[in-house]
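Reading through the structure tokens given below for one structure.
The values are calculated or read from the model by the stated rules, or taken from the named source; none is laboratory data. In this text, all values refer to a predicted model and were calculated from it rather than measured experimentally. Methodologically, a virtual Cβ is constructed for each residue, glycine included, from the backbone with ideal geometry; neighbour enumeration extends over all protein chains shown. Calculation scope for accessible area: heavy atoms of the full protein, side chains included, ligands and nucleic acids excluded. Shrake-Rupley method; radii C 1.70, N 1.55, O 1.52, S 1.80 Å.
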Amino acid sequence: MADLSDIERMVGDWERNAVERSQRFQAMQHEVEQISITESVANGAVSVTVGNNGIPTDVRMTDAVRGMSPDEIAANVLKAMQKAQSKYPQVIQEIVAGTVGESDSAAQHIVRTAAENFPEAPPEDPEPPVPGRQLRIESEADDEPPRQPRRPAPPQRPRRDDDDGDFGDQSFLRRD
């Protein structure tokens with residue numbers, strides 16, 4: 001049977017461990033709240049900063065975007081955002097390792113969730129498109145309105161030779 005002093009020591013150890021764990025998680029939370037990741041694309045023409053939740057907090061552009069079409073600018077904003085967000089799991093991993101430790105199951109869940117929510121960014125184009133120049137091939141069909149898709153005809157029931165498809169003056173209900 002355990003001595004009363006042993007039980008008191010176990011409860012005291014448990015309490016100290018709980019307080020220390022709580023302090024480590026508070027330190028982790030504080031560091032996570034400070035996250036700010038900025039990434040650029042298109043040779044620095046577009047930069048996006050994401051905050052501690054991966055949501056963009058700032059978008060900046062240089063004069064280099066003047067030579068881009070609106071679609072290129074929008075695509076570059078998305079690329080920069082994805083690039084910044086893709087760094088988020090690594091930053092979380094570093095914070096967890098430095099505060100709570102990677103062996104803690106709750107911390108592992110936090111890192112895993114960050115990796116699921118913010119996967120790697122798609123690779124950048126090796127050669128960015130020349131700003132302002134796009135190739136579009138037009139044909140006479142481009143002047144026509146788009147055609148509506150045809151609906152398939154409803155299925156037909158097979159007809160018998162004596163079946164004219166009309167009930168005439170006969171009821172289709174069966175009489176006994």
*What order do you get for 14-21, 25-32, 63-70, 82-89 when each peptide is scored by the mean count of other beta carbon atoms within 10 Å, highest first?*
82-89, 25-32, 63-70, 14-21
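How many percent of the accessible area of segment 1-129 is carbon or sulfur, using a 1.4 Å probe?
53 percent
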*Provide Rg and Dmax in Å for segment 15-132, with only Cα atoms included in the calculation.*
17.9, 65
*Which value in nm describes the separation of the simple spin-label points at Gln29 and Arg16, placed 7 Å from the Cα toward the beta carbon?*
2.4 nm
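Over segment 1-95, average the accessible area per residue using a 1.4 Å probe and give it in Å², no decimals.
Using a 1.4 Å probe on heavy atoms only, each residue of segment 1-95 averages 65 Å².
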*Any idea what diffusion coefficient segment 1-44 gets from Stokes-Einstein, in µm²/s, Kirkwood Rh on alpha carbon pairs, 37 °C, 0.692 mPa s?*
233 µm²/s
